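The values are calculated or read from the model by the stated rules, or taken from the named source; none is laboratory data. Being a predicted model, the structure only gives us computed values, none of them experimental. Glycine gets a Cβ as well: all are built from the backbone with ideal geometry, and neighbour counts include every protein chain shown.
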């Protein structure tokens with residue numbers, strides 16, 4: 001068989017391939033024959049059988065396609081445990097979020113109630129001061145309550161700050177790992 005008809009026959013036998021793969025195969029054998037200094041009308045060696053080469057290339061293509069399909073199936077099976085664990089952990093996250101929000105609102109309302117109580121206490125003390133029922137004991141009680149509210153507020157702010165730092169740390173760890 002001459003070189004020109006070999007390449008044409010190979011092109012016809014590789015119709016199942018996409019254009020890029022077919023052109024690469026034809027270019028490979030064309031360059032191989034160029035290295036052997038064979039012109040278009042020269043006979044190619046008998047060891048280059050078009051049918052055998054086409055079968056080998058088809059087999060290679062089928063193996064590659066099978067490996068691609070097999071790897072995509074493996075990826076799917078690797079993803080199933082992650083999806084399952086995500087679904088199973090969702091109720092836990094939801095419950096944790098609800099508990100966290102409940103505690104946060106409780107802390108906010110507790111602080112607001114404490115400030116409201118202190119304001120009412122201050123108003124009562126000021127009223128007693130101007131109406132004559134004021135005493136040193138009520139002044140000490142007022143100062144004690146004010147200091148208690150200030151320290152409790154500081155402690156709650158620190159707790160909220162620590163919780164915020166922990167949440168940010170976890171989010172950063174997840175972003176680094178993903």
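Considering only the range 164-174, I want to know if a residue exists there that is exposed (fewer than 10 other Cβ atoms within 10 Å of the Cβ), part of a helix (DSSP H, G or I) and modelled with pLDDT under 85. Yes - at least one qualifying residue is present in the range 164-174.
Here is the figure for the range 121-146: residues that are surrounded by 11 or more Cβ atoms within 10 Å (Cβ to Cβ) and not in a helix (DSSP H, G or I) total 3. Report, by residue number, each residue of the range 98-134 that is over 24 Å from residue 151 (Cβ atoms) and in contact with a helix residue (DSSP H, G or I) (Cβ under 6 Å, 6 or more places away or on another chain). The one that is over 24 Å from residue 151 (Cβ atoms) and in contact with a helix residue (DSSP H, G or I) (Cβ under 6 Å, 6 or more places away or on another chain): 134.
The residues of the range 25-40 that are loosely packed, with under 14 Cβ neighbours inside 10 Å and on the phi < 0 side of the Ramachandran plot, listed by number, are 27, 28, 31, 32, 34, 35, 36, 39, 40. The residue of the range 41-56 that is surrounded by the fewest Cβ atoms within 10 Å (Cβ to Cβ), among those that are touching a residue at least 40 places away in the same chain (Cβ under 8 Å) and not in a loop (DSSP other than H, G, I, E, B), is 43.
Taking first residues from the range 93-112 that are closer than 15 Å to residue 156 by Cβ and partners that are assigned to a helix (DSSP H, G or I), the Cβ contacts under 7 Å between residues at least 6 apart in sequence or on separate chains come to 107/156; 111/153; 111/156. Residue pairs whose Cβ atoms lie under 7 Å apart, separated by 6 or more positions or on different chains, with the first residue in the range 58-84 and assigned by TED's automatic domain parsing to the domain that holds residue 17 and closer than 30 Å to residue 21 by Cα and the second modelled with pLDDT under 75 and part of a helix (DSSP H, G or I), do not occur. With respect to residue 63, is the statement that it is farther than 30 Å from residue 167 by Cα, modelled with pLDDT of 80 or more and surrounded by 10 or more Cβ atoms within 10 Å (Cβ to Cβ) true? Criteria not met by residue 63. Residues in the range 1-22 that are surrounded by 12 or more Cβ atoms within 10 Å (Cβ to Cβ) and within 16 Å of residue 56 (Cα to Cα): 11 in all.
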